[in-house]
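Please read the structure below before turning to the comments.
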Amino acid sequence: MRILFLTHAFNSLTQRLYAELTARGHQVAIEYDIADSVAEEAVALFRPALIVAPYLRRAIPESIWARHTCLIVHPGIVGDRGPSALDWAIQAGESEWGVTVLQAEAEMDAGPVWASETFPMRAAKKSSLYRVEVTEAATRAVLRAVERFAAGTFAPVPPDPADPAVRGRLRPLMRQTDRRIDWTRETSASVLAKINAADGFPGVADTLFGEPCHLFDACAEATLHGGTPGEVIARRETALLRATVDGAVWIGHVRRAGGIKLPAAQAFATAVAALPEAPLPGPWSAPAATWQDIRYEEAADGGVGFLHFDFYNGAMSTRQCERLRAAYEWARARPTRVIVLMGGADYWSNGIHLNTIEAAEGDNSPADESWANINAIDDLAEAIIRTDAQLTVAALQGNCGAGGCFLARAADLVWARDGVLLNPHYKNMGNLFGSEYWTYLLPPRVGDDGARAIMQNRLPMSARGGVAQGFLDACLAADPAAFRVDVARRAAELAAAPDLAARLRAKREKRAADEAAKPLAQYRAEELEHMRRNFYGFDPSYHVARYHFVHKSPQSWTPRHLAVHRDLGWRVPQ
Ligand code: COA
């Protein structure tokens, strides 16, 4: 079928549905929701059998829905309506939530239901629930709806508000007055629920050190407390600890008025410098719930070490890369036989930290910070590539983008959770050449032509597609908990395998042969020569693209590699 996506952006859910539908043989074209006339033009050019709106922020015009079946993905249970579905569900502490695929009609979110799914709610950030539970449920529901549409026998019906099974209802846009935190009265649980419900966007409007800002990325603290409620009492790396009436919560990220979202300690660097540091009790592990971006644990028999790095949005700043390398070197020195790089629950890595780079000022320009960041991530990749006493595994629980994909590929094996998406290319960021040793790591996996295609096509790769193309080594369970169990079991098997010593010997010999053929330093120097031009050369494309990405500039057109119906040679197949 020809399926047109009308969407606000090619975000992770849209990418997932794109990957799933194209893998089933459908032809999918994408048009961003820029103006009614642009959407009408896309429909006229592509002549789709079906229109799907995975992520739309406003209504589809009547000129389109009156003539075509349009399926809207709504992140709420059947009957739920309105633009803040997940926000209300999190704040209200719902124990179960869902996704409904409904047909667009005059009244928003009130049309006939083609499919729906439910899932148990997790105490987590809205952005995390969206990337995991909502995405999985939406994928199942959209695939079922598309099958039903193709079969032509399904008659969708609108939800009946009188039916007791229909629990959802119309709720308004959640406003900042609904999100407001009263620090003098609210418990840590209440503060966490409010910041979680606003995570990603729009954040909770508040003040810190007397300055207005929006709060994001909250984390529970089990043992530390003190100060008067609302007071910032300590810092740890990028996060701030703020007292509540019954304890304290960590604030990881903030957006100051007129600014961009930044690690809290960076956004308020001067005020934060006076705060006491609250170090972790152990080097890379903490016994109780607290803020900890890098965490190490070891299997009971000591054979496998697991290094977790849960960096907000998968972005890795210069300092985070340096700290992670220190943790990695520490893990390497342990008497383990396998090291598993677990990344974070939502993202494994999205490469260098574009917001921190954008915020660089004074003597350290964004170009300088880009240079420092790419070198720091390269140092980390090199440490992984040169590991010779252990087998290394990158276990992708969440998505991976740009340099993060090649950082993962620096490990001997890359295992991905089914449903994870990779964007192993850099061109979308102003034609960046990229580094992280991709010129060394990618061609042996997918061939020279395959590497060129991946870099040029700029399209997402599903976990299954990644295995088929040779980029990944295995696609494991879709359920996050089952995936972690599977990873631990497979890693233990690797560590206990009788041929481990032979495998490690072969690994050392291959590295030595590769080094003799062309030293790693040369790959790096060649890549960085291109990157130097990207950062410091006369073509400002990277700086312009980064500015628009970080400031979330509205899209003014759909990239041609997505809007295939706008290709010059495009003809509707007869
Ligand atoms: N640096 C800083 N922030 C980043 C980031 C990065 N490298 N990659 C993603 N983010 C942030 C986004 O700004 C967004 O922030 P928000 O919480 O304020 O909305 C959040 O992560 C989620 O990103 P989004 O684009 O909405 O997620 P997605 O899962 O739909 O898309 C990518 C994932 C990887 C395709 C997309 O984020 C991307 O292109 N990132 C840039 C990758 C890159 O070019 N890195 C630099 C070169 S190594």
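The values are calculated or read from the model by the stated rules, or taken from the named source; none is laboratory data. The shown structure was predicted, so the numbers you read here are calculated from the model rather than taken from an experiment. When we count neighbours, we look across all protein chains shown, and the Cβ atoms used for this are built from the backbone with ideal geometry, even at glycine.
Table for the structure above
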{"read-out": "Residue among Leu354, Leu341, Leu380 that is within 12 Å of the ligand (Cβ to nearest atom) and of a type in the set (A, V, I, L, M)", "value": "Leu354"}
{"read-out": "Filter result for Val73 (within 16 Å of the ligand (Cβ to nearest atom), assigned to a strand (DSSP E or B) and either in the same structural domain as Asp33 (by TED's automatic domain parsing) or touching an Asp or Glu at 6+ places or on another chain (Cβ under 6 Å) (or both))", "value": "yes"}
{"read-out": "1 or more residues buried (at least 21 other Cβ atoms within 10 Å of the Cβ), touching a helix residue (DSSP H, G or I) at 6+ places or on another chain (Cβ under 8 Å) and among the small types (Gly, Ala, Ser): qualifying strands (runs of 3 or more DSSP E) within region 395-451", "value": "399-401, 413-417"}
{"read-out": "Single residue of region 297-328 satisfying the filter (surrounded by fewer than 21 Cβ atoms within 10 Å (Cβ to Cβ) and over 22 Å from His353 (Cβ atoms)) that is nearest to the chain's Cα centre (by Cα)", "value": "Glu297"}
{"read-out": "Any chance Asn375 is within 16 Å of the ligand (Cβ to nearest atom) and surrounded by fewer than 23 Cβ atoms within 10 Å (Cβ to Cβ)", "value": "yes"}
{"read-out": "Count of region 222-260 residues which are closer than 18 Å to Ala198 by Cβ and assigned to a loop (DSSP other than H, G, I, E, B)", "value": "4"}
{"read-out": "Residue match in region 536-547 (condition: in contact (Cβ under 8 Å) with a residue 12 or more places away in the chain and in contact with a Pro (Cβ under 8 Å, 6 or more places away or on another chain))", "value": "yes"}
{"read-out": "Test for Arg325: is it at pLDDT 95 or above and part of a helix (DSSP H, G or I)", "value": "yes"}
{"read-out": "Check on Pro164, without any contact (Cβ under 8 Å) to a residue 40 or more places away in the chain, surrounded by fewer than 17 Cβ atoms within 10 Å (Cβ to Cβ) and not aliphatic (A, V, I, L, M)", "value": "yes"}
{"read-out": "Single match in Ala331, Ala269 (criterion: among the aliphatic types (A, V, I, L, M) and surrounded by fewer than 19 Cβ atoms within 10 Å (Cβ to Cβ))", "value": "Ala269"}
{"read-out": "Those residues of region 1-52 which are within 16 Å of the ligand (Cβ to nearest atom), within 12 Å of Thr558 (Cβ to Cβ) and in contact with a Leu (Cβ under 7 Å, 6 or more places away or on another chain), in sequence order", "value": "Thr7, His8, Phe10, Ile30, Asp33"}
{"read-out": "Filter result for the condition that a residue is in contact with an Asp or Glu (Cβ under 8 Å, 6 or more places away or on another chain) and assigned to a strand (DSSP E or B), over Asp217, Asp199, Asp206", "value": "Asp217"}
{"read-out": "Of all residues in region 405-450 being in contact with a Cys (Cβ under 9 Å, 6 or more places away or on another chain) and acidic (Asp, Glu), the one that is farthest from Ser541 (Cα to Cα)", "value": "Asp418"}
{"read-out": "Residue match in region 339-351 (condition: modelled with pLDDT of 95 or more, in the same structural domain as Ala491 (by TED's automatic domain parsing) and part of a helix (DSSP H, G or I))", "value": "no"}
{"read-out": "Test: residue in region 65-79 that is surrounded by 19 or more Cβ atoms within 10 Å (Cβ to Cβ), among the aliphatic types (A, V, I, L, M) and under 18 Å from Pro480 (Cβ atoms)", "value": "no"}
{"read-out": "Test: residue in region 362-371 that is of a type in the set (S, T, N, Q) and either in a helix (DSSP H, G or I) or in contact (Cβ under 8 Å) with a residue 60 or more places away in the chain (or both)", "value": "yes"}
{"read-out": "Qualifying position, being touching a residue at least 40 places away in the same chain (Cβ under 8 Å) and more than 14 Å from the ligand (Cβ to nearest atom), among Arg458, Arg386, Arg452", "value": "Arg386"}
{"read-out": "Selection within region 266-290 - within 16 Å of the ligand (Cβ to nearest atom) and hydrophobic (A, V, I, L, M, F, W, C)", "value": "Ala267"}
